[in-house]
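Undergrad: One structure, as structure tokens, below. Some questions next.
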Amino acid sequence: MDEDKDAQYELLIQQEYDALINDYLNSCHRKNVEKIDKAFQFAKQAHSGVKRRSGEPYILHPIAVARIVAKDIGLGSTSICASLLHDVVEDTDTTVEDIENIFGHKIAQIVDGLTKISGGVFGEKASKQAENFRKLLLTMSEDIRVILIKIADRLHNMRTLGSMPLAKQIKIAGETEYIYAPLAHRLGLFPIKIELENLSFKFEHPETYKEIEARLEEQAPFLNSLFEDFSVPIKESLDKMGLDYTITSRVKSAYSIWKKMQKKNIPFEEVFDILALRIVFTPKPDTDEREQCWLIYSAITKLFKPHPDRTRDWLSTPKSNGYEALHVTIMGHSGQWMEVQIRSDRMNEIAEKGFAAHWKYKTGEQDESELDRWMKTIKELLKNPETNAIEFMDTFKLSLFASEIFVFTPKGEIWTLPQGSTVLDYAFSIHTQLGLHCIGAKINHKLEPLTYVLKSGDQVEILTSNKQQPQQDWINYVVTAKAQSKIKGIFKRQYKIYENRGSKIFKEEMERRGIVVTKTVMDNILQAFHLKDEEDLYYKIGREAISCDDIQKEVFKDSSQNVLVKYWKLQFGGKKKKEKSDNLSNSSKLKKNKILTITEDETNYRIASCCSPIPGDEVVGFMEDDGVVVVHKRNCPNAIKLKASSGDKLVEADWETHKMLSFPAVLDIKGFDRVGVLIQIAKIISEEYNVNMHKVNIDTKDGLFEAKIHIYVHDIEDINNLCMNLIKLDCVTSVVRVENDNEELS
Ligand code: MN
């Protein structure tokens with residue numbers, strides 16, 4: 001029986017390996033099968049007898065990683081060998097020296113880099129996590145292949161995540177969403193980024209994921225016929241032009257559909273761009289491929305009307321991850337909008353394989369892309385020994401996420417900057433000296449101060465003066481990592497003085513007021529004042545920008561919320577509770593099910609004020625150092641960050657819904673301002689048996705109103721009922737539950 005299984009596995013290993021070699025032979029790399037074979041045999045031997053959690057032989061994992069590296073990323077034999085060997089040093093007796101002796105320096109170096117950053121980017125403690133992350137980037141800047149293989153490794157781990165325990169799934173999924181997906185995006189590995197996000201979503205919100213997948217399946221016949229409606233006439237027309245092309249459909253991932261539903265607050269039915277068309281063509285010789293894109297564009301827009309605002313020209317200005325294409329949204333004969341993506345073979349390969357393809361097509365030294373510049377920024381950041389690891393991670397994240405604007409130099413060159421960049425950011429991005437002596441700029445020939453926030457399309461000419469000296473408050477006017485680190489570097493000493501003063505004041509004052517500053521309290525303060533870290537807080541106190549009175553107000557605001565918490569009931573840990581147990585307080589039962597129930601007197605949990613979850617929301621808990629569990633919505637940005645950085649503190653939490661308990665929630669209601677509208681709304685709310693209203697803000701303007709209504713409800717069902725009844729009113733156009741009442745956010 002066992003022998004039988006072993007033989008089957010042996011066959012499977014051979015099949016998977018053959019498939020890898022096949023992928024490799026189909027690529028354009030030098031055919032170095034012998035070396036790959038040697039690495040395969042070596043790894044197979046080293047991992048022999050070891051099984052993955054799923055019961056499969058371990059070697060299937062490195063083979064799968066190597067396949068992703070070969071096929072999806074398009075790397076060559078060195079990377080394939082390193083992928084096959086990537087877990088050998090970590091998990092077996094083999095050393096890096098062994099690898100170096102057998103496979104040479106390059107492969108050994110990559111395996112070494114991968115070993116150093118194994119076990120996830122994030123280890124056990126926060127500072128260590130960030131330190132690991134720094135290491136990851138260091139290896140990345142030495143050899144980009146390390147990070148590309150790491151991403152492939154993560155992708156395969158995500159594909160097989162189902163066999164992990166639940167808490168681990170959520171931690172790994174969170175880390176993937178937080179760092180690997182954005183990294184893949186930044187490196188232009190678009191399909192991998194989409195798959196990573198989608199898999200994270202699947203493990204974090206299994207129910208919602210299944211629901212959307214089911215809806216997609218339901219829609220499949222309709223989407224197919226829609227594809228026909230558009231593609232048939234387009235094919236006809238492109239054939240006439242004598243083009244060599246393929247036309248395919250691209251269906252949005254469950255994750256992106258969900259994202260869109262969340263962002264726009266719309267149901268599945270209203271996500272209109274589930275389907276897109278993609279045309280990939282082989283350019284005719286001796287013609288400009290960009291011109292051909294536009295020819296296809298005009299052929300299509302002759303057949304279908306284009307949306308005036310939705311043509312995206314990524315030909316003349318490629319995205320910073322290297323993406324090039326021409327996008328147009330056209331209207332079908334039944335009034336349906338459809339996005340069409342037009343790409344040449346080369347553009348398509350860059351879109352699919354990102355960085356690797358980008359390098360392949362690179363023509364000369366001057367051809368410095370945004371990606372090169374980004375890598376340079378990273379290297380520069382790494383060189384600065386002053387920044388601490390956590391600070392570094394924050395600035396790095398900044399460089400990953402910021403969406404971009406394009407501005408022009410006086411010579412007409414295009415420069416990419418993160419959204420929100422100021423004149424000062426731009427000056428620093430060109431040259432440190434230019435930043436340090438910047439006094440302002442001419443924006444489109446008009447004089448503007450250095451704090452001016454740039455817009456896409458601005459033409460910027462920096463003005464400098466030798467008399468200009470950098471100012472301390474400049475730190476408040478920059479958003480880019482480079483400018484921040486330069487300014488901080490200069491004022492390190494001064495900042496430190498304020499910081500020390502602030503720290504002293506803070507400690508004395510809190511003691512005097514009898515406030516115990518736990519980690520939870522500190523987090524709340526940082527969040528309330530939009531501060532990055534404790535140092536930032538002390539600095540602001542030291543400069544008297546924040547007073548301890550303000551802080552006290554914040555702290556007590558929170559404890560007044562705790563009065564409400566008293567009536568809330570949650571359960572932590574254990575499995576998903578299906579059996580309705582009436583006596584959860586029965587302690588023997590608790591132990592057996594590993595469910596911890598919070599009674600009214602206990603204060604060992606807190607509802608996160610950033611996302612204010614209520615029963616029915618998918619939630620997750622985090623154990624603070626003092627044993628308090630903070631409960632967040634699963635999709636709260638802070639929770640995602642916490643999952644990635646402190647996965648070990650994760651506590652499973654589920655609602656014990658109970659109609660005796662009340663939760664605060666805020667509804668945002670919009671509509672036409674008619675006489676008596678508020679009375680109608682109030683009537684509905686008071687009629688809804690389970691709901692209490694306790695605060696109303698209403699704004700009216702130009703015949704429209706917007707009301708923010710604070711209510712107490714028992715669970716999400718109450719809210720849904722209420723929303724349904726409210727939207728039935730003629731004068732109400734939208735009802736949305738909002739996260740909190742923070743004015744800055746609305
Ligand atoms: Mn691995």
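Undergrad: Only one of (1) in a loop (DSSP other than H, G, I, E, B); (2) within 15 Å of the ligand (Cβ to nearest atom); (3) closer than 26 Å to residue 187 by Cβ fails for residue 54. Which number is that?
TA: (3)
Undergrad: Same structure again: Would the range 459-476 turn up any residue that is in a helix (DSSP H, G or I) and among the β-branched types (Val, Ile, Thr)? Spell out the reasoning first.
TA: Within the range 459-476, the first condition is being in a helix (DSSP H, G or I), and the residues that meet it are 472-476.
Next, from what is left, pick out any that are among the β-branched types (Val, Ile, Thr): 475.
Within the range 459-476 (the criterion being in a helix (DSSP H, G or I) and among the β-branched types (Val, Ile, Thr)), the answer is yes, since at least one residue qualifies.
Undergrad: Within the bounds of the range 159-178, is there any residue that is assigned to a helix (DSSP H, G or I), away from the ligand (no atom under 16 Å from the Cβ), aromatic (Phe, Trp, Tyr) and modelled with pLDDT of 90 or more?
TA: Checked the range 159-178: no residue is assigned to a helix (DSSP H, G or I), away from the ligand (no atom under 16 Å from the Cβ), aromatic (Phe, Trp, Tyr) and modelled with pLDDT of 90 or more.
Undergrad: What number of residues within the range 410-445 are within 20 Å of residue 317 (Cα to Cα) and of a type outside the set (D, E, K, R)?
TA: Residues in the range 410-445 being within 20 Å of residue 317 (Cα to Cα) and of a type outside the set (D, E, K, R): 14 in total.
Undergrad: Is it the case that the range 334-350 has a residue that's buried (at least 17 other Cβ atoms within 10 Å of the Cβ) and modelled with pLDDT under 85?
TA: Filtering the range 334-350 for residues buried (at least 17 other Cβ atoms within 10 Å of the Cβ) gives 338-344, 347-350.
Going one step further and asking which of them are modelled with pLDDT under 85, we end up with 350.
Yes - at least one qualifying residue is present in the range 334-350.
Undergrad: Here's something else I'd like to know. Residue check, residue 478 against (1) within 29 Å of residue 549 (Cβ to Cβ); (2) crowded, with 17+ Cβ neighbours inside 10 Å; (3) β-branched (Val, Ile, Thr), all met but one. Which one?
TA: Just one mismatch for residue 478, condition (1).
Undergrad: Which one of these is loosely packed, with under 12 Cβ neighbours inside 10 Å and at pLDDT 65 or above: 582, 625, 533?
TA: Values: 582 fails: at pLDDT 65 or above; 533 fails: loosely packed, with under 12 Cβ neighbours inside 10 Å.
On inspection, the qualifying residue turns out to be 625.
Undergrad: Moving on to the next point. In the range 77-95, what count of residues is obtained for those that are within 16 Å of the ligand (Cβ to nearest atom) and either surrounded by fewer than 20 Cβ atoms within 10 Å (Cβ to Cβ) or not in a helix (DSSP H, G or I) (or both)?
TA: Of the residues in the range 77-95, the ones within 16 Å of the ligand (Cβ to nearest atom) are 79-92, 94.
Retained after the next criterion (residues that are either surrounded by fewer than 20 Cβ atoms within 10 Å (Cβ to Cβ) or not in a helix (DSSP H, G or I) (or both)): 85-87, 90-92, 94.
Qualifying residue count for the region: 7.
Undergrad: Taking the condition of being under 17 Å from residue 473 (Cα atoms) and hydrophobic (A, V, I, L, M, F, W, C), how many residues in the range 417-462 meet it?
TA: Going through the range 417-462 one residue at a time, the tally reaches 9.
Undergrad: Looking at the range 687-695, can you tell me whether even one residue there is modelled with pLDDT under 80, farther than 27 Å from residue 619 by Cα, of a type in the set (S, T, N, Q) and not in a loop (DSSP other than H, G, I, E, B)? Write out each step before concluding.
TA: Of the range 687-695, the ones modelled with pLDDT under 80 are 687-695.
From the residues that got through so far, the ones that are farther than 27 Å from residue 619 by Cα too are 687.
Right, trim to of a type in the set (S, T, N, Q) and you get none.
Within the range 687-695 (the criterion being modelled with pLDDT under 80, farther than 27 Å from residue 619 by Cα, of a type in the set (S, T, N, Q) and not in a loop (DSSP other than H, G, I, E, B)), the answer is no, since none of the residues qualifies.
Undergrad: If residue 545 satisfies all but one of (1) surrounded by fewer than 20 Cβ atoms within 10 Å (Cβ to Cβ); (2) over 25 Å from residue 610 (Cβ atoms); (3) of a type in the set (Gly, Ala, Ser), what's the number of the condition it fails?
TA: Tallying (1) surrounded by fewer than 20 Cβ atoms within 10 Å (Cβ to Cβ); (2) over 25 Å from residue 610 (Cβ atoms); (3) of a type in the set (Gly, Ala, Ser), residue 545 fails exactly one: (2).
The values are calculated or read from the model by the stated rules, or taken from the named source; none is laboratory data. All of these numbers come straight from a predicted model, not from anything done at the bench. Cβ coordinates were reconstructed from backbone atoms using ideal geometry, including for glycine residues, and neighbour counts include every protein chain displayed.
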